[in-house]
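Take a look at the structure below.
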Amino acid sequence: MSVEATLLREPAEWNALVERSGDTTPFHRYEALQVIAEHSDTTLYPYVGYKGQEPIGLFPVFALRRGPLRTAFSPPPDLEISYLGPAQIEGHGTKQRKAEKRHRRFVDSVLEAVDAEIDPHYTHVRAGTAYQDPRPFIWNGFEPTPRYTYHVDLTPDVDDLFMSFSSDVRRNVRNAADAAYEIAEAGPAGVERIVRSVRARHDEQGVSYNVTPAFARDLHRILPDGVVRAYICEHHGEFVGGKLTLEDEDTCYGWQTASDLDADLPVADLLDWTVMQRAKGQGRSSMDLIGANKQRLCGYKAKFNPSVRTHYSLEDSSRATDAIKSLYMRLR
C-alpha cells in the first residue's frame, strides 16, 4: 500500500502524533511550529504520512522565499534550532524489511509533496539524534553531513552522577557552596534577560545571533508549562548568567546559555549542574548539551562525562548548486 503525505493543521491531532513518536523534540509541537513560522517569516507545511488510515510519520517543512529563490527548511535557519525534520511513528512489532519500506515511502511521499507545493531550488533538513537512517534522503539526491551533540545520562543516582564529572567541575561546585549565589527558575522577564545577555556576548565577538527575546518569550508563553524553563543565576543579587532549556518526557535540552565570564563564580558549571539535578528530579533521563561540533566548546562540555550522539544535516544536492547556495547566502 502506498503512503500519502497530507497537511495536518489540527493542533490537537498533530500533538497527539508528536507524543506517539520517539523521534520528536519540543520544537515539533504544533504551537512551537507556529511560533517558528512567525519569527522566521516562513510558511509552515505540517506534513503527515498516512498508509491508508494509519499515520506513520510527521515532517514539518517551512517554505522561505529570498528574492527569486524558493527554499524549504526543517528547521528554518537563524533561530538556533539544532534539529527538527522527520519523525517516524513506528508500528508495533514491525520487522526490519517492512519498517524500512514504510520509512522510505514516507520520506518519498513528503518530498514529492514538497516538490509539488513549494518547488524549492534548495532544501535543507536537520534531523534529531533519534532519527538515525537518512538513506531515503540520500536515495533522493540529498547530501548527508554527520553532526554531533553530547548527551549526559541522568539515570544514575545524584552522587554517582556528580562523581562522574571531571575533578574541576566537582571542585568548582564544592568551592562555590558558601558563595552568595542563587539559581532559581524565572518567568518571561527571565527568558528575555537570558536572550539579551547571549546576544550581547555574540555582539562582543562579532558573531551573528538572530534569536530575539520575543521569539523565546513566545515559545515560553505558548508551550505547555514546564516545556520551556528559564534558570537565572544571581551573585550578590546581581545577574551573572542564565540557561534556557526545553524539556519533553525523556530529555532536557540546554538551548541557550548566558554566563558572565568576569564573575568571581563558576557560573556555567553551577547552572549546568543545577539544571541536571532538577531535570533528573522531574523524571528526565537525559540532558542534551546541544552541540559537539566546535572544538573550543567540546573541552567544557566533555567535563560532564557525556556520550557523543550523531544527527544528520541533509542538503538537496540535486538542485543546490554552488551558485544557488552562494546567492542564497547573500540574500540572507
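A few points about this structure:
- Across the range 136-158, the qualifying residues are those that are in contact with a helix residue (DSSP H, G or I) (Cβ under 8 Å, 6 or more places away or on another chain) and part of a helix (DSSP H, G or I), and the one among them that is nearest to SER2 (Cα to Cα) is PRO136.
- When we screen ARG126, ARG193 for residues that are in a helix (DSSP H, G or I) and either touching a residue at least 12 places away in the same chain (Cβ under 8 Å) or not assigned by TED's automatic domain parsing to the domain that holds GLU112 (or both), the only hit is ARG193.
- Unmet criterion (only one of (1) within 26 Å of the chain's Cα centre (by Cα); (2) touching a residue at least 12 places away in the same chain (Cβ under 8 Å); (3) closer than 19 Å to ALA268 by Cβ; (4) exposed (fewer than 15 other Cβ atoms within 10 Å of the Cβ)) for THR155: (3)
- Failed criterion for ALA216 (all others in (1) crowded, with 18+ Cβ neighbours inside 10 Å; (2) more than 18 Å from CYS252 (Cα to Cα) hold): (2)
- Which numbered condition ILE138 fails, given (1) under 24 Å from GLU249 (Cα atoms); (2) surrounded by fewer than 23 Cβ atoms within 10 Å (Cβ to Cβ): (1)
- Members of the range 50-87 found to be assigned to a loop (DSSP other than H, G, I, E, B) and surrounded by fewer than 24 Cβ atoms within 10 Å (Cβ to Cβ), listed by number: GLY52, GLN53, GLY67, PRO68, PRO76, PRO77, ASP78, LEU79, GLU80, ILE81, SER82
- When ALA200, ALA177 are checked against the criterion of being in a helix (DSSP H, G or I), of a type in the set (A, V, I, L, M), free of Cβ contacts under 8 Å to residues at least 24 places away in the same chain and loosely packed, with under 13 Cβ neighbours inside 10 Å, a single residue qualifies: ALA200.
- Scope the range 238-274; condition touching an Asp or Glu at 6+ places or on another chain (Cβ under 7 Å) and surrounded by fewer than 21 Cβ atoms within 10 Å (Cβ to Cβ); matching residues: none
- Top-ranked residue of the range 219-240 - restricted to ones that are assigned to a helix (DSSP H, G or I) and within 16 Å of the chain's Cα centre (by Cα), ranked as farthest from TRP273 (Cα to Cα): LEU219
- Note on the range 248-284: residues that are more than 17 Å from the chain's Cα centre (by Cα), acidic (Asp, Glu) and at pLDDT 95 or above total 2.
- Residues within the range 203-218 that are under 21 Å from the mean Cα position of the chain (by Cα) and part of a loop (DSSP other than H, G, I, E, B), tallied: 6
- Any hit, the range 84-98, residues being within 15 Å of the chain's Cα centre (by Cα), of a type in the set (Gly, Ala, Ser) and on the phi > 0 side of the Ramachandran plot: yes
- Of the listed requirements (1) in the same structural domain as VAL267 (by TED's automatic domain parsing); (2) in contact with a Phe, Trp or Tyr (Cβ under 7 Å, 6 or more places away or on another chain), LEU161 misses just one: (2).
The values are calculated or read from the model by the stated rules, or taken from the named source; none is laboratory data. Just so you know, these numbers come straight off a predicted model, no measurement behind them. Neighbour counts run over all protein chains shown; Cβ positions are idealised from the backbone, glycine included.
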